[in-house]
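Structure first, then comments.
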Amino acid sequence: MFIGKIVSSNSHIDYVCQVYGPAEAAATPQPRDYAFGSFVAVEREEGGYLVGVIYNTVLLNPDYGSMGPRLSTQDQLIAFSPDYLAEKATLVTIALLGAVSAQGEAAQGAPLVAANLDARVRTLERDEIAAFHRAGGRLRLAYWPILMGMNHPLALPLMRQVIAALTDLFPDEAQRLAVLGGNLAWRERVQPAG
């Protein structure tokens, strides 16, 4: 399902996606479609896609704080000003983890080519997530240093969510993923101490 489009970036691997609102797409995305830790694809014009994970949500409401009187209600604006732009928006931030070429070859880590503005973003299917992580037949997490290096308060919860999702997807790798989870738990206890 397409959930939105790229509207800005914070770096080569950190993008902001504006979630489609009502009437902007065939089906309006629901919050579970762009939930924290969801794997997504950022479509490329030349084919293939960038693979990322959602790690934050920001709600924009420019009307907040302007409680003064209005000449028209929201319902009246639709009738009297059909060109009125609804400026409320939901934004999600995406950390890129790699790319899949038009031929289906997965490469983990920082992609060489950046995403384009207005590139469409969609959720990844389970088989696409599995193919991205099982390049060469073994579970690969070559992008893990990108997540470890994120300077964001949600980085550790994001990594726990990724481990949980991958454990569900690859039960045969549960023991290896549990070791990674144990390392994260240790890091969470030690990191606040300095």
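The values are calculated or read from the model by the stated rules, or taken from the named source; none is laboratory data. Computed from a prediction, not measured in an experiment: that's the story for all the values here. FYI the Cβ positions are ideal-geometry reconstructions off the backbone, even for glycines, and counts take in every protein chain you see.
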When the range 11-41 is checked residue by residue, the ones that are within 20 Å of residue 144 (Cβ to Cβ), more than 8 Å from the chain's Cα centre (by Cα) and touching a residue at least 24 places away in the same chain (Cβ under 8 Å) are 12, 13, 14, 15, 41
Go through the residues of the range 72-85 one by one and say whether even a single one is part of a helix (DSSP H, G or I), among the aromatic types (Phe, Trp, Tyr) and modelled with pLDDT under 95.
-> yes
Quick check: is even one residue across the range 162-172 assigned to a helix (DSSP H, G or I), under 28 Å from residue 102 (Cβ atoms) and in contact (Cβ under 8 Å) with a residue 60 or more places away in the chain?
-> yes
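This table checks each residue for (1) touching a residue at least 24 places away in the same chain (Cβ under 8 Å); (2) assigned to a helix (DSSP H, G or I); (3) of a type outside the set (Lys, Arg); (4) under 14 Å from residue 39 (Cβ atoms).
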{"site": "127", "(1), (2), (3), (4)": "no, yes, yes, yes"}
{"site": "130", "(1), (2), (3), (4)": "yes, yes, yes, yes"}
{"site": "153", "(1), (2), (3), (4)": "no, no, yes, no"}
{"site": "157", "(1), (2), (3), (4)": "yes, yes, yes, no"}
{"site": "160", "(1), (2), (3), (4)": "yes, yes, no, no"}
{"site": "176", "(1), (2), (3), (4)": "yes, yes, no, no"}
{"site": "180", "(1), (2), (3), (4)": "yes, yes, yes, no"}
{"site": "186", "(1), (2), (3), (4)": "no, yes, yes, no"}
Small (Gly, Ala, Ser), closer than 20 Å to residue 158 by Cβ, at pLDDT 95 or above and in contact with a Gly (Cβ under 9 Å, 6 or more places away or on another chain): does that describe residue 35?
-> no
Does the range 1-34 hold any residues that are surrounded by 19 or more Cβ atoms within 10 Å (Cβ to Cβ) and part of a loop (DSSP other than H, G, I, E, B), and which are they?
-> 13, 20, 29
